[in-house]
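Report on the structure given below.
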Amino acid sequence: MRIKSTLLVAVLLISLSPQSVNGSSKEPTTKKYSVTMKKAHLPTAPKNGTDDYRCFLLDPKVTEDSIIRTIQFIPQRKNFVHHAIIFRVTDADLPQAIASDKNGTGWPCFGGSGLGSMLSSFVTTPWISSWAPGRGKDISPTGYGTPFKKGEQFVLQVHYNLLAANGGKIQTDQSKIVMEAVPAKGTKIKQLHVELFPAPVELACPAGITGPLCDRKQSLIDLASRTSKTSAFESAGINILCGQDPFNPVASLTSRCDKVITSNFTVIAAAAHMHLLGRTLSLTLNPGKPTEKLILDVKKYNFDDQSGVVLKTPVAVKAGDTIRVTCTFDPTIRQKLPELKNLPNRYITWGEGSSDEMCLGVVSATK
């Protein structure tokens, strides 16, 4: 199913021709592409909402099978760009993406790229890179990169958090992406892919905090109205995937989910993603078994620094292994943060908005 967290921007055009950088006799020449939004976008939120997600199609015009070495998303409006995700669009979803994009107008995309189906999107439009406050250039570990075939394109999803606009004034945004890639032919660089590990979020209103939205059902109805119906279905779907009752889940300050792995891969890097109430996140291989190993342990989560961690020693994962993601939250922070304290009190679930929450471990791996 689609998890994403999802981000918004307009169609990007190549603003510089590919140019050689850091070429060497041992590896194919690296080409650099700088792409800027075709049109400036003025973020607007759905009724009663404070978040705008929109996707736009990007054609980097890569003429040969390549491997991406670095990607850097550069937001123009750093104060209210909440995060961004870059998806690789394969032939299966490209016609839909072209039709949806409407020559740069783009499309609303709460919950992911909005392409394909919830079950197929991770295959036909995989997540290849993300940005959040504190992150700069997304650099693949030495010897690794992300595949990108000839003729494929990007969808860039940007999440605008309108609560964070300076003085409440919303301005147009015209962000850009800078990408470096090498031809796949003749390179020894190993190809990376992304694995996602979500867990449900079920945070009841703290003791003494009341309001109509402290009722979970009413909170989900509100979530659907200010984001999309997909968000409410995602919340239920993640509960099902993680063995919880989607209709009567148990509220807890700790979120946890075990995922049984179906293929062999090696973890090279990992990162945590939560929103403003997140405190800790860990990823554990085979918890409770002799082969248990800690992959990622973020003890003091900082939303303004979601940079990934390259593992000192890559971790081999085999089919049949289990990876557990565990998150902890402090919902009392909601009554303290300037961007949240004036919002209605609510039962908090998994959701795309800045005032909702997520528990998501992100792994970069190679086969």
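Every read-out reported here was derived from the displayed coordinates using simple, explicitly stated rules and does not represent laboratory data. Quick caveat: nothing in here was measured; it's all calculated off a predicted structure. Methodologically, a virtual Cβ is constructed for each residue, glycine included, from the backbone with ideal geometry; neighbour enumeration extends over all protein chains shown.
See the values below:
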read-out	value
Prolate/oblate/rounded label for segment 163-249 (Cα gyration tensor, a/c 1.5)	oblate
Segment 174-250, relative contact order [Cα under 8 Å, separation at least 6], %	25 percent
Neighbour-count ranking [beta-carbon atoms within 10 angstrom, fewest first] of VAL325, VAL267, VAL178, VAL310	VAL310, VAL178, VAL267, VAL325
Residue order, fewest to most surrounding Cβ atoms within 10 angstrom, among LEU192, LEU276	LEU276, LEU192
For GLU234, GLU357, order by how many other beta-carbon atoms lie within 10 Å, fewest first	GLU357, GLU234
Segment 278-357: trypsin sites (Lys or Arg not before Pro) in DSSP loop, at most 11 other beta carbons within 10 Å	LYS299, LYS300, LYS336, LYS341
Greater than 27 Å apart at Cα, pairs in LYS293/LYS336; LYS188/LYS318; LYS229/LYS341; LYS259/LYS336	LYS293/LYS336; LYS259/LYS336
Cα gyration tensor category, rounded, prolate or oblate, for segment 238-316 with a/c compared to 1.5	oblate
Within straight-line cross-link reach of LYS149, aspartates and glutamates at Cα separation under 13 Å, skipping those fewer than 8 residues along the same chain	ASP59, GLU64, ASP65, ASP91
Estimated FRET transfer efficiency when R0 is 25 angstrom, pair ALA92-LYS190 (beta carbons, to 0.05)	0.50
